[in-house]
Structure formats: structure tokens, C-alpha cells
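Input: a single structure, listed below in C-alpha cells.
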Amino acid sequence: SEQKPGKSDHKDMLLGVLDLEHITIDDAMVPRGDITGINLEEDWTKNLKVLMESPYTQFPVYEGSIDSLKGVLHRRDVLKLMQENRLNQASLVSVLREPYFIPEGTSLSTQLMHFRQQKRRHALVVDEYGEIIGLIALEDILEEIVGELDTDVASIHHNVTKQRDGSYIIDATVQLRELNKYMDWHFPVDGPKTLGGLIIEQIETLPEGNVGTVIGDYLIEVLSIKDNRILRVKVKPREKTD
């Protein structure tokens, strides 16, 4: 009789489809500048508005800067304080919980496992110096996975037009991960997320006109720019010699 796949087989298939080992939390996290938190140096009315109107379930609490982190506030603790009619800044500080830190570059599959093992749903992402660079929630990882499943890589075909000389005209806003999958190319994905961003990082400035550069095995020519953004480029894979 035919053997049914086990849990490990399903896991291997999922990882194969999503390539989760090569997608990191950096791709899914909320960047430091976009983190919604509670600043104890702010007016209490403003902080109360954040608590009431924000859709998030956890909030970093800090004094002045997130680098002066005091703890993490859970929405359910806020609701409990409200029910007891004693929600104020002092009581809020009294129910803070220890933050959970994870290093940048952690793969989505690894962090999913850690969230499950430690029964956590949120974590603050730190760089090699221990500085907070973002916040990641279980929901963010799940959304990234669903996005990967929903993404039809072939749907980017309208952003890639092959030329007779073997080059390609490409919309520079295309995501590098999607472009690599669609074209079976190997642009680096550990930095900028779009082809245009990668080019700007490579030449270290925003080009003012047609500029050529080489990134790995690819010859690149900038074709058009608008509003400080690279719009269209020509990419030609270099011929490999034995």
C-alpha cells in the first residue's frame, strides 16, 4: 500500500515551496522607525490615544527613545486595568513584561519554531550591537508566508521584456526575490529589496542619466529615472567562459 506522508514530509515540502530558510525576519519585520510604542515622556493623553486606536496587541514601552526600553505592554493587561478602573501611567508601568529579543538575519522557519517553542507572538529584532532595528510578530511571518504562496512569480512577466540581443528590459521596481525566481538569476537579496535599490547601492548615487554598471554576472544599463527613482533598466547576463 502507498505510504502516506508524515509531518516531516509535509514540512520539507512546505520549506521547498516557500524557501523559508532563505527568507529572513528582516523581510517581514516592522522597521524601527515604524514601530508603534508608548513613550513615557509623552503626554498621557497621547499615549492613551495610541492604546485605544492602535490595532496592535503589544507595545514597546520606553523613555524618550526605544533604546531606553522599559518593557513590553500587552493589550490584555491594558483591558484588565480599564475594567478595574485604574488605568494610568503608573499602573501601566507596573504590568510591563520582559521583552523578547531575536537577532537580525534569523530565517522565518527558525523564528516560527522559536515562537512555537517559547509560546511567544512578538519579538524585538536587534542588530549585532544589540540595538533595536525592528519588531516582528507571528502575524507578520504568517502574512509573509501567505504572500509567498499567493505570489504567482510568472505574474511579473509583464515587467520583463526580452530583447533580440539576449538582454531584458525590466521594471526596476520589481522585487529581487521574485525576479530571481522568475528568471533563475542570482541577484543578492540580503540588502535592497528591489532591482532599482540594488543599482543605487552599487553606484552609490542616484544616476542623472543613462549609466551602466555590472552586478555579479549581469550587465546593467539604467534607461529611465523619474522622481528620484529608477524606473526601467536593461539587464544582460554576461556570457560565461570556461
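The values are calculated or read from the model by the stated rules, or taken from the named source; none is laboratory data. Keep in mind that what you see is a predicted model, and the values were worked out from it rather than measured. Heads up, the Cβs are rebuilt from the backbone with ideal geometry, glycines too, and the neighbour counts pull from every protein chain shown. Note: areas computed on protein heavy atoms with side chains; ligands, DNA, RNA excluded. Shrake-Rupley method; radii C 1.70, N 1.55, O 1.52, S 1.80 Å.
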Task: Cα-based convex hull volume of the range 40-127 per residue, rounded to whole Å³ - done: 105 Å³
TODO: Could you tell me which of rounded, prolate or oblate describes the range 90-242, using a ≥ b ≥ c as the square roots of the eigenvalues of the alpha-carbon gyration tensor, with rounded for a/c under 1.5 and, failing that, prolate when a/b is larger than b/c and oblate otherwise?
DONE: prolate
Open item on the list: Once ligands and nucleic acids are excluded and a 1.4 Å probe is used, how much of Lys181 is accessible, expressed in Å² to the nearest 10?
Closed with: 100 Å²
Open item on the list: With only alpha-carbon pairs counted, each pair once and no self-pairs, how large is the Kirkwood hydrodynamic radius of the range 70-118 in angstroms?
Closed with: 12.9 Å
Task: For the range 158-209, Kirkwood radius (reciprocal of mean inverse C-alpha pair distance, Å) - done: 11.8 Å
- [ ] Whenever you get a sec, line up Glu143, Glu239, Glu201 from highest to lowest accessible area (probe 1.4 Å, protein heavy atoms).
- [x] Glu239, Glu143, Glu201
Open item on the list: Once ligands and nucleic acids are excluded and a 1.4 Å probe is used, how much of Phe101 is accessible, expressed in Å² to the nearest 10?
Closed with: 100 Å²
TODO: Would you mind telling me the share, in percent, of accessible area of the range 23-116 contributed by carbon and sulfur at probe 1.4 angstrom?
DONE: 49 percent
Task: Simple Cβ-charge dipole of the range 152-234, Lys/Arg +1 and Asp/Glu -1, about Cα centre, in debye nearest 20 - done: 240 debye
Task: Cα-centre dipole for the range 32-83 with unit charges at Cβ (Lys and Arg positive, Asp and Glu negative), debye to 20 - done: 280 debye
